[in-house]
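Just so it is clear, none of the values below were taken in a lab; they were calculated from the coordinates. Bear in mind the structure is a predicted one, so any value in this text is a computation, not a measurement. Because the Cβ atoms are built from the backbone with ideal geometry, glycine has one as well, and the counts that use them run over all protein chains shown.
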């Protein structure tokens, strides 16, 4: 993507820092994203939006009066972490609750969902509206499975205007849901996008063709058609959107719509204008009254050459909220007065990394041993990161290797801190899990964070039972306790991600690993021997995912494309447990 030499590991954070420096009138930096630099009055609902970076103006560009109170900014094409969402939400909550809104992607759903639970546990009233406007990503009967693309803006604008008007959280949520229900989008691409630091795009489009039904994370289209004229493209986009009208919209009775024509990165303004002229003509012919229009870059995909059309079918109240004043770096509607907030922002963090109680010597030795295994996992992930990314790019966005590398690096740093502070294995697993989720982001970050945290909870429970019975509470986990911890980790991951064996996810490797580990331990095998046998089962299961079609995640939309290729999450899981098994036997 870049014409300059960039560090992919820091690119997103550097971009946000520069964005804040360029827009101090609108935004301030907080750990996890940006918030309004203007006063948010007490008693006002806070709209918090977010997702991965690489989509500017989404998401930081729509923070300001009349729009979002804050935006959570993950790494490139990776959902932000639970801790990031929580910190941004706390920074803007003013006593009336928080509405979280984001596109419908597995990692975002997991991380924002966990943040909602965490914030509710702290006493905040938090609601969620997930954007599902992309008609190409699932049939109308399964709208809940659709992706959020440029329709993000219609939902954010309606919710932001409702919050600015002082409406209650119930009303802001209702209106945001109504906007989502009445928004439809479809996009096409003429070339793929390239991740920072990469030397090739995530997908290519044959010359003279266009990919229809693209995603905004580098996912390829669902069908390839000959590239048309501007009129032909307008006819395609309008006809397909008009073929699926929301409930309550009657095209024959003077329906009204807000029209967004969105450039995805390198489809520039003059070309957009030529297409929009044809779109306007097509809508007029169809009898659609265009209430308002926006033509420009709204939700991009790095340097993708593509365009999407969004229709928001308005009611009277939606139309009024759409044209209400708003003032943000990337989207403005008339004038709005807002005073700069001079108060310092202090955001409490659940995982501060502060030193805890020093654990007993046996638990410290167990933590040191676990840290050695975490180092082994780190080496295996770093070595395989490029391969994991290539596998993931077949039907996804190609960031699995990057996300796993960031996650395990953060987890290792947290583990080293715990050991240096005299912490035991339970604390190591808890803080390493939190750090994996925080640094990895996305689906893999959430799931691996949950796996480590659940394993730690299991070991802690074993210690409590030992203390209550005849056992020694300070004893290191034995083979059976480790097998139980692995089973607990599997249960936690399945509870969070909802995946089952056969869905083509890491569960396809994780489940046979956990079962075989427990069986081998029950047969009296040593932990090293049992782990090695279980790792072989995981590797065989990971290889077998090549014959499956994905049922969850971004790859689900391109299920047939993934046939013949294993699942990246299953492959990375097998690689990790194999490396750990070799370390245990050394």
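Observations on the model:
- Sites residue 230 and residue 519 - FRET efficiency at Förster radius 51 Å, r taken between beta-carbons, to 0.05: 0.20
- Residues 157, 498, 268 arranged by fewest to most Cβ contacts within 10 Å: 268, 498, 157
- Relative to the longest principal axis of the Cα atoms of the chain, the long axis of helix 400-420 lies at roughly 50 degrees.
- Gyration tensor (alpha-carbon) shape descriptor, region 225-334, a/c threshold 1.5: oblate
- Helix 527-544 and the longest principal axis of the Cα set of the chain meet at an angle near 30°.
- Residue order for 7, 536, fewest other beta carbons within 10 angstrom first, comes to 7, 536.
- Label-to-label distance for residue 286 and residue 141 is 2.3 nm, based on points extended 7 Å past Cα in the beta-carbon direction.
- Efficiency of FRET between residue 6 and residue 274 - r from beta-carbon atoms, R0 30 angstrom, step 0.05: 0.40
- Between 0 and 90 degrees, the angle of helix 269-285 with respect to the longest Cα principal axis of the chain falls at about 70 degrees.
- Between residue 31 and residue 498, the simple spin-label model (points 7 angstrom out along Cα→Cβ) gives 3.1 nm.
- Take the Cα of residue 170, step 7 Å toward its Cβ, do the same at residue 245, and the gap between the two points is 3.2 nm.
- Kirkwood estimate for the chain, i.e. one over the average of 1/r between Cα atoms, Å: 24.7
- FRET efficiency for the pair residue 528 and residue 416, taken as 1/(1 + (r/R0)^6) with r the Cβ-Cβ distance and R0 = 30 Å, rounds to 0.80.
- Report summary: the helix-based calculation at 222 nm, which adds -39500 (n - 2.57) for every DSSP H run with n ≥ 4 and divides by the residues of the chain, gives -15500 deg cm²/dmol.
- Ranked by how many other beta carbons lie within 10 Å on average, peptides 576-583, 167-174, 334-341 from highest: 576-583, 167-174, 334-341
- Sequence of 3, 400, 144 once ranked by neighbouring C-beta atoms within 10 Å, starting from the fewest: 3, 144, 400
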